[in-house]
Amino acid sequence: MGSSGFSWKLKDHPKLPKGKTIAMVVLDGWGEAKANQYNCIHVAETPTMDSLKNGAPEKWRLVKAHGKAVGLPTDDDMGNSEVGHNALGAGRIYAQGAKLVDSALETGKIYDGEGFKYIKESFETGTLHLIGLLSDGGVHSRLDQVQLLLKGASERGAKRIRVHILTDGRDVLDGSSVGFVETLENDLAKLREKGIDAQVASGGGRMYVTMDRYENDWDVVKRGWDAQVLGEAPYKFKNPVEAVKKLREIPNTSDQYLPPFVIVDDKGKAVGPIVDGDAVVTFNFRADRMVMIAKSLEYEDFNTFDRVRVPKIRYAGMLQYDGELKLPSHYLVSPPEMERTSGEYLVHNGVRTFACSETVKFGHVTFFWNGNRSGYFNPEMEEYVEIPSDSGITFNVKPNMKALEIAEKARDAILSGKFDQVRVNLPNSDMVGHTGDIEATVVACKAADEAVKMILDAIEQVGGIYVVTADHGNAEDMVKRDKKGEPQLDKNGKIQILTSHTLEPVPIAIGGPGLAPGVRFRKDVPNGGLANVAATVMNLHGFEAPSDYETTLIEVGDN
Ligand SMILES: O=C(O)[C@H](O)COP(=O)(O)O
Ligand SMILES: [Mn+2]
Ligand SMILES: [Mn+2]
């Protein structure tokens, strides 16, 4: 125990043994909803997950994965991977980026912070550029926050503003981009009336321009760089609403995948390339899809693509996206300080950990799980394995993704006897669910179920324990619904496909030959959420959870 009285040492659990191998499986985007044709998990053959459900209520239950239970502003906010994995790993509910930005804007504290003061130095002679996801999805960013920031910055001296938009269609309905750009244009027009030179400068679909993650495909970021910084793109328009409408007419495209465009003046010149002396703010609060652009804007030493011209700018993130890398070094709002996560405790208590997913979700079971912290706590005790994802495709084309490879790695890690916790994220139901392709999502769910089976079989062989859960819903409901829960039709009488996450709860199942007799879910935590899972897993490793963690979901009955 240190002089502060703090100790990493966890108390022994009074009843549960140590030394069991635990498989911690997170099915990404696997919620629980009514059985119907739009519930891909129901339609798919999922014998393994179905059999776990037979363990209810003692070994299978539902937990909350959205809204306040995971630190989001309201219970109308759907869950997402960042907040879901944060809650799973940290065992406590932290006010998340969305909420922190809301309150910084509401109180005006955002304008007193170091980050805003820093970018403000460019207002007199330079342009303020805002780059980010333009929607009200609330997963990575929110339009109302951008509107407030535009107002606040212009009132505080920004005279020339350029917005570089990324269209969504993934956390919100496809096609909604037009409305969001119209709203933004309206706001910019009002600023122009006040004598501020404010315009949209460039744009593109989030999955094709800028918002890649975990270094899966740097071309995505390069396309954004070319449009935003260099003012170069294959498509040129004078008006951003027209741009989005026209680009949506290209066959097989969608808001998520719009090609990059720049806005040009009457002479055909880009209206807003980023140049020396400008200020840049990336206005997404969520980290994963901002780290790569942040590196390209901030790092001097950078060779993943040819930046051609590297302007000397003042750059700030809405939040700091990576606390370990201190990236970016300037930011408008401080991120949640997640400390003493379960991963760190367990490593201090001798639990050897293996974590694995494919690239698109690799940071979810490592970085997000560990409280938005990159790297190992102790490389001697941990091994993190990333299976390269396919890049340059939409995952409905290959809905099996790397589920099998992830399961094989997990199986081998379990059988090796080298690890006490083997943690994976199976991305299929989420990544394919986001494409809105129902048939492919059914295939994706089946693939994830087969992967779970392989992992549970390995646990069976070594006498271990499994914990199977999910981070939020997605594939269990693929249609937009009205208030009564019926599919909502558009003006042409067609159903609207839901590409986003949902508000549904997610299952959690425990079992395996190593589960001590009598272990069962408690009945007195009816509102349990993802944050209760960390204490549960610590118990299964034979430890009591720290007293400030959300309570465990399990008890040991007499049996
Ligand atoms: O970034 C994405 O792909 C979506 O906006 C949210 O999905 P995730 O939270 O499951 O990553
Ligand atoms: Mn997810
Ligand atoms: Mn998702």
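The values are calculated or read from the model by the stated rules, or taken from the named source; none is laboratory data. This structure is a prediction, so every number in the text was calculated from the model and none was measured. All accessible areas refer to the heavy atoms of the entire protein, side chains included, with ligands and DNA or RNA removed. Shrake-Rupley method; radii C 1.70, N 1.55, O 1.52, S 1.80 Å.
For the stretch 349-449, just say rounded, prolate or oblate: build the C-alpha gyration tensor, square-root its eigenvalues into a ≥ b ≥ c, call rounded for a/c under 1.5, and beyond that prolate if a/b exceeds b/c, oblate if not. Before the final figure, lay out the partial values.
Details: a/c = 2.71, a/b = 1.86, b/c = 1.46.
Prolate, since a/c reaches 1.5 and a/b exceeds b/c.
If you project the alpha carbons of the stretch 1-129 onto the principal axes, what extent comes out on each, in Å, largest first?
For the stretch 1-129, the Cα spread along each principal axis is 65, 55, 22 Å.
Would you list, by chain and number, the aspartates and glutamates whose Cα falls below 17 Å from the Cα of residue 409, excluding same-chain residues fewer than 8 positions away?
Result set, ordered by chain and number: 358, 382, 383, 386, 420, 449, 450, 457, 460.
List the residues, sorted by chain then number, that are 5 or more residues from residue 358 or on another chain and whose placed amide H is less than 5 Å from its amide H.
Answer set, sorted by chain and number: 387.
What shape does the stretch 440-524 have by the C-alpha gyration tensor, where a ≥ b ≥ c are the square roots of the eigenvalues, rounded means a/c under 1.5, and otherwise prolate means a/b greater than b/c and oblate the rest?
On the way: a/c = 5.30, a/b = 2.12, b/c = 2.50.
Taking the square roots of the gyration eigenvalues as a ≥ b ≥ c, the stretch 440-524 is oblate.
For helix 81-90, what angle does its Cα long axis make with the longest principal axis of the chain, in degrees from 0 to 90 and rounded to 10?
The angle comes out near 40 degrees.
With all protein chains present, calculate the accessible area of residue 51 using a 1.4 Å probe and round the result to the nearest 10 Å².
Counting only protein heavy atoms, residue 51 exposes about 60 Å² to solvent.
Counting only residues 5 or more places away or on other chains, whose amide H sits under 5 Å from the amide H of residue 332 once H atoms are built in the peptide plane?
317, 318, 319
Diagonalise the Cα gyration tensor of the stretch 204-301 and give the resulting equivalent ellipsoid semi-axes, square root of 5 times each eigenvalue, largest first, whole Å. Provide the component values of the computation, followed by the final result.
Details: eigenvalues 100, 67, 22 Å².
One finds semi-axes of 22, 18, 10 Å for the stretch 204-301.
Would you compute, from DSSP H runs of 4+ residues alone, the mean residue ellipticity of the chain at 222 nm, taking -39500 (n - 2.57) per run and dividing by the full residue count, rounded to the nearest 500?
When only DSSP H runs of four or more count, the value is -8500 deg cm²/dmol.
What accessible area per residue, rounded to a whole number of Å², is obtained for the chain using a probe radius of 1.4 Å?
39
Please state the relative contact order of the chain as a whole percent: Cα pairs under 8 Å, 6+ residues apart? Show your work: numbers first, answer last.
Values: 1354 pairs, mean separation 152.1, N = 559.
Once normalised by length, the contact order is 27 percent.
Name the residues whose placed amide hydrogens come within less than 5 Å of the amide hydrogen of residue 63, ignoring near sequence neighbours (fewer than 5 apart) on the same chain.
Hits under the 5 Å cutoff: 506, 508.
Listed here are the pairs 151/236; 59/446; 151/480; 64/151; 245/480; 20/361; which of them are more than 29 Å apart at the Cα?
On the way: 151/236 27 Å; 59/446 22 Å; 151/480 33 Å; 64/151 36 Å; 245/480 22 Å; 20/361 26 Å.
Going by Cα-Cα distance, 151/480; 64/151 fall outside the 29 Å limit.
Please report, as a whole percent, how much of the solvent-accessible surface of the stretch 76-170 comes from carbon and sulfur atoms (probe radius 1.4 Å). Show your work: numbers first, answer last.
Numbers: 1430 of 2980 Å².
The nonpolar share, carbon plus sulfur, comes to 48 percent.
How much accessible surface area, in Å² rounded to 10, belongs to the heavy atoms of residue 43 with a 1.4 Å probe?
80
When the Cα centres of the stretch 415-486 and the stretch 262-332 are compared, how far apart do they sit, in Å?
Distance between centres, Cα-based: 35 Å.
Given the whole protein assembly as supplied and a 1.4 Å probe, what does the accessible area of residue 8 come to in Å², nearest 10?
Solvent-accessible area, nearest 10 Å²: 70 Å².
If Rh is defined by the Kirkwood formula over all Cα pairs and Rg also comes from Cα, what ratio Rg/Rh do you get for the chain? Write out the running numbers ahead of the final one.
On the way: Rg = 23.6 Å, Rh = 24.1 Å.
Ratio of gyration radius to Kirkwood radius for the chain: 0.98.
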